[in-house]
Amino acid sequence: MKIYTFEQFVKTPHKFRFSIYEKKRKKYCDNIFCFDIEVTSYFVSGKNVYGISDVFKRFNYDIEKVENFFQTCKYGALPYIWQFTIDGDTVIIGRELPQFLNLVRYLNKKIGAFWYCFVHNLAYEYAFIREYFNFEKVFFTESRKPLYANYENCQFRCTYRLTNLSLAKWGQQCGVEKKVGDLDYTILRTPKTELSEKEMNYCIYDLLVMVKGLEQYRKQYAH
């Protein structure tokens, strides 16, 4: 497996062998592409910004005071890392979502065929990437729950809706262990926060679960 930062990937010459097939006079790419993000929750009071663990520490774990704080503060969520893989062999890591838009545009030109980018629980990632992607078509099965979203010759598809399984359970089925518990979601992180090797592996293994599971679908259905 080759792991690149986004900056490294776009500066490195690549000789990809994309698997292209034709159906009804339209070309499709049979490689497996997967995308995932990690997000931190933050809470704002005055000029101060806190993570969940910071809030509990501030009030010495007094539950009543913590609940009062959550009711009065402002809050939001910030993506601080994204990860993308081509067949599980190449992994690209970025820290800002506009970089991912540039990566998709890059691949649209390189692949030269219609391709699928799989996301586990697309509804969640969609809430963030829709700010950067001018999607041409989005199919919702319920309010705020897209099944797929088209951007140029790329279609984002939801693997959660395909499997109806959590990543952990899907990993158990296909023999890839999701690194449960290796990333503390209570800590406030930003795109500038350095991540440990253990935390990075957590991010990467989420992709590998999807790749392994999708390989089985591709084997069963030919594409």
_Name the single residue that is nearest to the chain's Cα centre (by Cα) among those in the stretch 177-223 being part of a loop (DSSP other than H, G, I, E, B) and within 30 Å of Glu22 (Cα to Cα)._
His223
*If you take the residues of the stretch 1-46 that are among the β-branched types (Val, Ile, Thr) and within 19 Å of Ile111 (Cα to Cα), which of them is least open to solvent (accessible area, probe 1.4 Å)?*
Ile32
*asked:* I'd like to know if the stretch 24-41 contains one or more residues that are more than 30 Å from Phe9 (Cα to Cα) and at pLDDT below 95.
replied: yes
*Out of Leu147, Leu122, report the one residue that is open to solvent by 50 Å² or more (accessible area, probe 1.4 Å) and modelled with pLDDT of 95 or more.*
Leu147
*Working only within the stretch 150-180, note down all residues that are of a type in the set (Asp, Glu) and surrounded by fewer than 14 Cβ atoms within 10 Å (Cβ to Cβ).*
Glu177
*Which ones in the stretch 88-105 are in contact (Cβ under 8 Å) with a residue 40 or more places away in the chain and open to solvent by 40 Å² or more (accessible area, probe 1.4 Å)?*
Asp89, Arg95, Glu96, Asn102, Arg105
_Where a residue in the stretch 25-36 is basic (Lys, Arg) and its partner, wherever it lies, is part of a strand (DSSP E or B), with Cβ under 9 Å and at least six apart_ = Lys26/Phe114; Lys27/Ile20; Lys27/Tyr21; Lys27/Phe114
_Whichever residue in the stretch 47-75 is acidic (Asp, Glu) and farther than 19 Å from Arg189 by Cβ and, among such residues, is least open to solvent (accessible area, probe 1.4 Å)_ = Asp62
*Determine if the stretch 107-117 includes at least one residue that is in contact (Cβ under 8 Å) with a residue 60 or more places away in the chain, under 15 Å from the mean Cα position of the chain (by Cα) and surrounded by fewer than 20 Cβ atoms within 10 Å (Cβ to Cβ).*
yes
*Could you name every one of the helices (runs of 4 or more DSSP H) located completely within the stretch 86-173 that has at least 1 residues being under 13 Å from Met210 (Cβ atoms)?*
122-129, 159-163
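The values are calculated or read from the model by the stated rules, or taken from the named source; none is laboratory data. These numbers come from a predicted model, not from an experiment. With ideal geometry, Cβ positions are generated from the backbone for all residues, glycine too; neighbour counts draw on all protein chains shown. These accessible areas exclude ligands, DNA and RNA; they are computed on the full protein's heavy atoms, side chains included. Shrake-Rupley method; radii C 1.70, N 1.55, O 1.52, S 1.80 Å.
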